[in-house]
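The structure appears right after this line, and notes come after that.
The values are calculated or read from the model by the stated rules, or taken from the named source; none is laboratory data. A quick note: this is a predicted structure, and the numbers were derived from the prediction, not measured. Backbone-built Cβ (ideal geometry, glycine too); neighbour counts: all protein chains shown. Heads up: the accessible areas ignore ligands, DNA and RNA and are worked out on the full protein's heavy atoms, side chains in. Shrake-Rupley method; radii C 1.70, N 1.55, O 1.52, S 1.80 Å.
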Amino acid sequence: SSSSAPSRGWVPCSTCLGFGASGVASGVMRYKQLDFQGERLHFVQIGLGTNTTFIQNFAGESREFDRSLEWLLGAASEQDPQRLRGVAVEPVAEHVASLRGMVDRLPGVELVQAAIGEKDTWGAEIKVFGPAARDALLRAVAPAKRSRLEEQLVYILNMSCVGSVHPLLPQICCNIAREFNVEVKVESRAADVWTWSRLQNSCNFRGCEVLVVDTEGYDAQILRSLIEHCRWYQNDWPRLIQFETMGHCDILEGHGAEWQVIGSLEAEGYRLIGYSYFNSHLAREQDVQEPDAKMLDWLQSWKCDSCSRCWAFPYITENSGVFCRQCRCKWTPPSPSSDEWTWRPDDAGSWSTSQQSGAQW
């Protein structure tokens, strides 16, 4: 922890989002300049991309609706689009611009163009593959190949990263070059990086019910920033967190980074509800022990596909289903980069994970 508490006062942004004729945001910061007046939000989502956002679920077209996100957002106390409070954060200008019309239909939702990290940084480099570059590549291939190429380019549109290219991008680019004879070029841009404290203070909110993080390898840094803030302000902890656990953080920070942040959250009063090699979920222990009706329904939705047990946290989700720890007493995640991880009951009968370094949760 730092030696002094992060600033608690409201920090109004000096720059709002301006939009030029191209529809691409210029400048930085907050679209609506909403002041939440110290209220607790229902949702915060960091890392939006082109799909699977709570904004699209509440105000988008039916084809944009995502069932897995509906399940997650069901844990929040508010589902009325006119009453919900939320903040959506994304550093790529085009992704921000594409959501403006939907956000206009959600009076209590703010859209922030920035990245989130462990320290405030102005003008950080981000690596971006934007819609204009995608369209240029599609025009460069034969019409019969465009549909398949577009499917692959959707992934790259959602792989923007701060400071370096996405760890999986080089291989994907090589595959595209081999199949389509085109070169994917990623451009460098500048973006501001905010800490979690600055995000809260700039929008003047105090924590949230559901936090969703999907930032292509920067999830652990964002969660450490959250932890640093909430250690000082205990009422600001989110009650439910979903973040990506596909090993991207491990590639950027070193093996075990994602499990280390899970352990840090557990040490601060969270319980691991479910782990998968996609997303993992943690909830505040007090909200597991004494859940409200919405949280109770969400917790009871977890059930082992093998033995039908409920409340047997943490569950493990893999391609074949969702399983409790008894039905998967020894389990190795299907990732070559993490093949030394195993899950097994420890001597006390509780759940533990071990790594070559000897870390135990």
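Put Y233, Y270, Y155 in order of accessible area, highest first, and with a 1.4 Å probe you get Y155, Y233, Y270. Between R231 and N181, the simple label model (points 7 Å from Cα in the Cβ direction) yields a spacing of 5.7 nm.
Full extension of the chain segment joining R63 with I251 gains 64.4 nm, where the gain is 0.36 nm per residue of separation less the Cα-Cα distance.
How many percent of the accessible area of the stretch 186-237 is carbon or sulfur, using a 1.4 Å probe? So the carbon and sulfur contribution to the accessible surface is 44 percent.
Were the residues from L296 through A136 laid out at 0.36 nm apart, the gain over their Cα-Cα distance would be 52.7 nm. Of C307, C173, C203, the order by accessible heavy-atom surface (1.4 Å probe, DNA, RNA and ligands excluded), from most exposed downward, is C307, C173, C203.
Using 0.36 nm per residue and subtracting the Cα-Cα separation, the extra length available between E268 and N319 on full extension is 15.3 nm. Taking the empirical scaling 2.2 N^0.38 Å for compact globular proteins as reference, the stretch 102-162 has a Cα radius of gyration ratio of 1.55. Cross-link reach is defined here as a Cα-Cα straight distance under 24 Å, omitting same-chain residues fewer than 8 places apart; for K145 the lysines meeting it are K185. Expressed as a whole percent, the accessible area of the stretch 78-185 that falls on carbon and sulfur atoms is 51 (1.4 Å probe). Each listed q (0.10 Å⁻¹) maps to a log10 I(q)/I(0) for the stretch 112-265 from the Debye sum over equal C-alpha point scatterers, namely -0.44.
Computed from the C-alpha gyration tensor, the three semi-axes of the ellipsoid equivalent to the stretch 199-282 are 21, 13, 12 Å, from longest to shortest. Couplings 3J(HN,Hα) of the stretch 188-194, computed from phi: 9, 10, 10, 8, 7, 10, 10 Hz, in residue order, whole Hz [Karplus 6.51 cos²θ - 1.76 cosθ + 1.60, θ = phi - 60°; x for Gly and Pro]. Each residue, S77 and Q286, gets one label point 7 Å from its Cα in the Cβ direction; the gap between the two is 1.3 nm. The 1.4 Å probe gives accessible areas that order R198, R284, largest first, as R198, R284.
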